[in-house]
Amino acid sequence: MSTTPLLRLTGITKHFGPLKANDDISLTLEKGEMLALLGENGAGKTTLMSILFGHYVADSGTVEVLGRPLPHGSPRAALEAGVGMVHQHFTLAGNMTVLENIMLGTEPLWGFRRNSARALAKLGALMDRFQLRVDPFAMVRSLSVGERQRVEILKVLYRDARILILDEPTAVLTPQESAHLFATLRELVGQGVSVIFITHKLREVMAASDRCVVLRHGRVVMEERTDRTSAEDLARAMVGASIPQATRTPHAPGDEVLFLDRISLSAPDRGPALTELSMSVRAHEILGIAGVSGNGQALLADLLSGLATPQGGSVILRGQAMDRPTPAGMIRAGVGRVPDDRTGTGLVADMSVMENLSTEVYRMPGFSKRGMLNFRALASRAAQLMDVFDIRCAGPGAPVRKLSGGNMQKLIMARVLSQGPHLILANQPTWGLDVGATAAVHQHLLDAARRGAGVVLISEDLDELFQLSDRIQVMYQGRLSQAQDTATVDRAQLGLMMSGQNMRGAA
């Protein structure tokens with residue numbers, strides 16, 4: 001490696017009011033190196049990368065690319081220096097197509113029509129090379145959360161960056177696609193491209209990175225070559241203590257709590273239709289639904305949440321047919337809902353913690369009378385739930401928008417589990433969470449199943465599915481494979497089914 005690092009951050013410090021998000025951080029990235037950046041939610045990773053990309057201006061410190069300082073607060077300067085970033089929160093225009101979003105800012109406006117064919121060819125080559133499939137002419141607003149993440153990855157690759165910053169790059173990929181992506185990144189690294197990737201999947205860190213940097217409370221607490229450390233050491237460095245692993249204990253399944261009988265459901269903007277789909281979940285059971293994003297999971301989640309009415313078939317909850325499911329009806333029937341978009345559909349960001357915890361109980365006796373809310377009772381209940389579920393914030397009156405992702409998810413879990421649901425829909429419950437918050441969510445789901453709930457766990461993380469599920473089914477193009485016991489299912493075979501191969505007995 002050359003004596004001058006490709007990238008050098010020196011003494012980066014950043015305050016947001018009294019909060020010190022970055023505290024005198026220094027790190028380097030060499031040419032042809034893959035660096036993993038780790039830390040809990042709120043540890044300062046995104047802030048640090050946003051300073052590098054010019055979205056934030058550091059209070060002190062410098063950023064240099066090949067020894068040349070980058071101007072503060074200039075994303076254009078970062079792009080011109082060869083820095084490409086996939087942001088944690090998407091930066092796409094919903095009223096434009098995938099191709100238009102990817103081309104945006106790379107072509108003169110008056111040359112857009114002339115160069116679109118060339119751009120489409122380049123985009124197609126990237127999709128083939130990285131196995132990142134998405135319709136170039138689809139409107140971004142019609143895409144699922146996972147599909148939008150793919151567009152963000154393609155957008156960075158399209159700009160030929162020599163420094164790639166990737167935040168959770170494999171969250172929507174099958175194991176084979178993840179392996180192919182990292183193999184391709186390795187080829188790029190061999191040609192001198194450098195990669196920083198932020199991930200909570202320690203398996204990926206150990207398999208793909210050359211070096212690891214761990215942040216905790218805004219400071220670098222660990223920097224080590226990957227081959228000289230372990231996943232356990234990294235997890236301990238992230239949280240400052242050992243993390244107890246949630247462990248599934250098999251239970252004899254109880255009575256059937258959910259039966260989907262030959263469901264047919266279509267919605268053009270929610271992915272492929274569900275056709276003659278059947279599924280059964282019993283008490284004390286966690287049923288895992290594996291699959292690449294955009295294969296019908298959104299429609300299945302909408303159905304179980306009461307947001308979609310099937311055109312055919314029956315939804316049966318604890319022996320009772322739900323003729324026209326509605327959100328309120330599903331809640332009354334004992335369905336707890338953990339959505340995949342915690343800020344968009346799971347919570348109201350401008351409302352307080354107490355108000356969000358009260359949205360499903362405020363009509364119950366003790367919390368309202370003759371249309372008047374009992375705020376003292378609601379606040380007392382919120383404080384108790386905050387303590388039980390370890391929701392860390394200023395208090396029940398704190399705005400939800402100021403919570404970290406992990407605390408937002410704990411809030412949703414508190415609202416759902418406090419009602420003692422018979423059926424829990426957990427849709428991507430740990431997406432973007434750190435190892436500590438992930439372990440807490442996992443334990444809550446396992447405890448709920450132990451107490452007698454049935455759980456439908458929709459996840460694109462196979463490690464999560466194998467850790468929690470009693471049985472696993474694969475969803476592909478609106479069809480479900482036959483359920484297989486987790487103890488006997490083959491991971492490689494599951495990955496092939498996620499790409500549409502060997503979907504025997506699909507319903």
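The values are calculated or read from the model by the stated rules, or taken from the named source; none is laboratory data. Quantities reported herein were computed from a predicted structural model and do not represent experimental measurements. All Cβ positions, even for glycine, are placed from backbone atoms using ideal geometry, and neighbour counts span all protein chains on display.
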Looking only at segment 19-33, decide whether some residue is modelled with pLDDT under 90, surrounded by fewer than 16 Cβ atoms within 10 Å (Cβ to Cβ) and more than 15 Å from residue 164 (Cα to Cα).
yes
Across segment 378-397, what is the total count of residues that are at pLDDT below 90 and over 28 Å from residue 201 (Cα atoms)?
2
Which numbered condition in (1) more than 17 Å from the chain's Cα centre (by Cα); (2) modelled with pLDDT under 85 is the only one that residue 123 fails?
(2)
Quick check on residue 349: is it at pLDDT below 90 and surrounded by 13 or more Cβ atoms within 10 Å (Cβ to Cβ)?
yes
Can you find, within segment 64-90, the residue that is modelled with the lowest pLDDT among those that are surrounded by 12 or more Cβ atoms within 10 Å (Cβ to Cβ) and either of a type in the set (Phe, Trp, Tyr) or closer than 20 Å to residue 168 by Cα (or both)?
88
When residue 492 is run through (1) in contact (Cβ under 8 Å) with a residue 24 or more places away in the chain; (2) part of a loop (DSSP other than H, G, I, E, B), the failure sits at (2)
Considering segment 389-401 alone, what residues qualify as being exposed (fewer than 13 other Cβ atoms within 10 Å of the Cβ) and outside any loop (DSSP other than H, G, I, E, B)?
401
Report yes if residue 304 is surrounded by 19 or more Cβ atoms within 10 Å (Cβ to Cβ), in contact (Cβ under 8 Å) with a residue 12 or more places away in the chain and either aromatic (Phe, Trp, Tyr) or assigned to a helix (DSSP H, G or I) (or both), otherwise no.
yes
Would you check if there is a residue in segment 376-383 being of a type in the set (Lys, Arg), part of a loop (DSSP other than H, G, I, E, B) and surrounded by 14 or more Cβ atoms within 10 Å (Cβ to Cβ)?
no
Scan segment 352-371 for residues that are in contact with a Phe, Trp or Tyr (Cβ under 8 Å, 6 or more places away or on another chain) and either assigned to a loop (DSSP other than H, G, I, E, B) or acidic (Asp, Glu) (or both) and jot them down.
361
Reported set for segment 247-272 where residues are small (Gly, Ala, Ser), in a loop (DSSP other than H, G, I, E, B) and surrounded by fewer than 18 Cβ atoms within 10 Å (Cβ to Cβ) is 252, 254, 266, 267
I'd like to check which strands (runs of 3 or more DSSP E) are fully inside segment 134-241 and have at least 2 residues that are surrounded by fewer than 19 Cβ atoms within 10 Å (Cβ to Cβ) and modelled with pLDDT of 90 or more.
219-225
May I ask you to say which residue of 182, 259, 197 is free of Cβ contacts under 8 Å to residues at least 40 places away in the same chain and among the aromatic types (Phe, Trp, Tyr)?
182
Odd one out for residue 474, checked against (1) among the hydrophobic types (A, V, I, L, M, F, W, C); (2) more than 25 Å from residue 439 (Cα to Cα); (3) modelled with pLDDT of 85 or more
(2)
Any pair with Cβ under 7 angstrom, 6 or more apart, that starts in segment 223-237 at a residue that is in the same structural domain as residue 201 (by TED's automatic domain parsing) and ends at one that is in a helix (DSSP H, G or I)
226/205; 226/206; 231/202; 231/206; 234/202; 234/205; 235/202; 235/435
Could you go through segment 352-374 and let me know if any residue there is β-branched (Val, Ile, Thr), within 30 Å of residue 151 (Cα to Cα) and either in the same structural domain as residue 491 (by TED's automatic domain parsing) or surrounded by fewer than 23 Cβ atoms within 10 Å (Cβ to Cβ) (or both).
no
